[in-house]
1. Any idea which residue in the range 84-136 is farthest from the chain's Cα centre (by Cα), counting only those that are assigned to a strand (DSSP E or B) and under 18 Å from Ala51 (Cα atoms)?
2. Restricting to the range 95-129, and then to whatever is surrounded by fewer than 16 Cβ atoms within 10 Å (Cβ to Cβ) and either of a type in the set (Gly, Ala, Ser) or not assigned by TED's automatic domain parsing to the domain that holds Leu68 (or both), can you tell me which residue is farthest from Leu147 (Cα to Cα)?
3. Could you list all residues from the range 199-244 that are more than 17 Å from Lys57 (Cβ to Cβ) and of a type in the set (S, T, N, Q)?
4. Scan the range 71-80 and tell me whether some residue there is free of Cβ contacts under 8 Å to residues at least 40 places away in the same chain, part of a helix (DSSP H, G or I) and surrounded by fewer than 23 Cβ atoms within 10 Å (Cβ to Cβ).
5. From the list Ala208, Ala195, Ala243, pick out the single residue that is over 18 Å from the mean Cα position of the chain (by Cα), assigned to a helix (DSSP H, G or I), hydrophobic (A, V, I, L, M, F, W, C) and at pLDDT 95 or above.
6. What number of residues within the range 153-171 are in contact (Cβ under 8 Å) with a residue 60 or more places away in the chain, farther than 20 Å from Glu229 by Cβ and surrounded by 13 or more Cβ atoms within 10 Å (Cβ to Cβ)?
7. Hey, any hits in the range 54-69 for a residue that's modelled with pLDDT of 95 or more, part of a strand (DSSP E or B) and surrounded by fewer than 23 Cβ atoms within 10 Å (Cβ to Cβ)?
8. Can you give me the number of residues within the range 211-227 that are buried (at least 16 other Cβ atoms within 10 Å of the Cβ) and assigned to a loop (DSSP other than H, G, I, E, B)?
Amino acid sequence: MTDPVYVPPKVWTWDQASGGQFANINRPVAGPTHDKALPVGKHPLQLYSLATPNGVKVTILLEELLALGIEGAQYDAHLVMISNGDQFSSGFVDANPNSKIPALVDCSTNPPTRVFESGSILMYLAEKFDAFLPKEPRARTECLNWLFWQMGSAPFVGGGFGHFYVYAPQKYEYPINRYTMETKRQLDVLNRQLAEHEYIAGNEYTIADMAAWPWYGGVVTGAVYNATEFLEAHTYTHVLRWAKQIAQRPAVRKGRMVNKVWGDTNEQVPERHSEADFDGKNI
């Protein structure tokens with residue numbers, strides 16, 4: 001079937017009805033839509049997020065830091081319902097002018113430090129607490145190579161493949177083919193790397209793994225987009241091995257629950273303010 005031919009107009013105008021499932025929160029302008037301050041808990045680190053793949057990156061790292069006994073990594077995780085437009089509040093825009101989750105505010109500094117973009121948050125926390133980022137220059141560079149690979153590549157998986165295969169109001173052959181090809185190429189890149197290394201950046205578990213696992217691990221296990229058959233996920237054997245290995249880590253199991261409000265209620269921790277919030281959960 002041939003997709004309809006679209007002739008771009010001379011000047012693009014915003015059609016508020018477009019965008020499929022997320023049409024009510026997509027807009028071509030930035031800035032707040034309403035005035036509302038962000039809640040602030042008792043811990044040094046204040047996280048404002050949702051358990052999407054990008055949000056899970058940060059909660060995994062925070063739980064891994066706490067598992068090491070680093071008390072300074074105690075945090076409050078506040079729920080941001082992006083479907084309701086919470087990310088466009090004045091308080092959230094102050095924390096992240098890009099209005100995307102996650103956003104972190106470190107209240108241990110004076111004045112407090114805002115950190116936005118998931119990769120930036122991972123680097124900030126890894127450097128602050130001297131963990132999960134190698135010190136040796138060559139190993140550090142390799143870790144950052146893969147961290148930035150994920151940051152630059154995953155939007156093609158999420159905003160590209162995920163949007164057109166799952167969320168778009170109509171399914172068209174060209175964009176699905178284009179982004180499926182790119183998603184499979186990225187999985188092959190990762191599969192080749194993991195064929196020679198236990199973890200992405202080598203034989204050490206790092207923030208590169210925490211960044212990539214929610215996306216690529218989720219895709220090959222079906223946790224993201226439920227497209228394992230379509231993508232022939234079983235052929236990426238090394239990615240599957242890595243994904244399952246990381247999924248067994250207790251801190252990862254905790255981190256993926258934080259700010260989650262869908263699925264099994266025993267795997268949801270909508271807001272996290274203390275270890276007690278995990279009581280009775282499937283960890």
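The values are calculated or read from the model by the stated rules, or taken from the named source; none is laboratory data. Every value quoted in this text rests on a predicted model; they were computed, and no experiment measured them. Neighbour counts run over all protein chains shown; Cβ positions are idealised from the backbone, glycine included.
1. Of all residues in the range 84-136, those assigned to a strand (DSSP E or B) come to 89, 103-106, 113-116.
Among the residues that remain, those that are also under 18 Å from Ala51 (Cα atoms) are: 103-105, 115-116.
Details: Ala103: 11, Leu104: 14, Val105: 17, Val115: 15, Phe116: 12 Å.
Top of the filtered list is Val105.
2. Across the range 95-129, the extreme among qualifying residues is Ser108.
3. Asn203, Asn226, Thr228, Thr235, Thr237 - these are the residues of the range 199-244 that are more than 17 Å from Lys57 (Cβ to Cβ) and of a type in the set (S, T, N, Q).
4. There is at least one residue in the range 71-80 that is free of Cβ contacts under 8 Å to residues at least 40 places away in the same chain, part of a helix (DSSP H, G or I) and surrounded by fewer than 23 Cβ atoms within 10 Å (Cβ to Cβ).
5. Numbers: Ala208 fails: over 18 Å from the mean Cα position of the chain (by Cα); Ala243 fails: over 18 Å from the mean Cα position of the chain (by Cα).
Residue meeting the stated conditions: Ala195.
6. 1
7. Step one: filter the range 54-69 for residues modelled with pLDDT of 95 or more, giving 54-69.
Remaining after also requiring part of a strand (DSSP E or B): none.
Within the range 54-69 (the criterion being modelled with pLDDT of 95 or more, part of a strand (DSSP E or B) and surrounded by fewer than 23 Cβ atoms within 10 Å (Cβ to Cβ)), the answer is no, since none of the residues qualifies.
8. Of the residues in the range 211-227, 4 are buried (at least 16 other Cβ atoms within 10 Å of the Cβ) and assigned to a loop (DSSP other than H, G, I, E, B).
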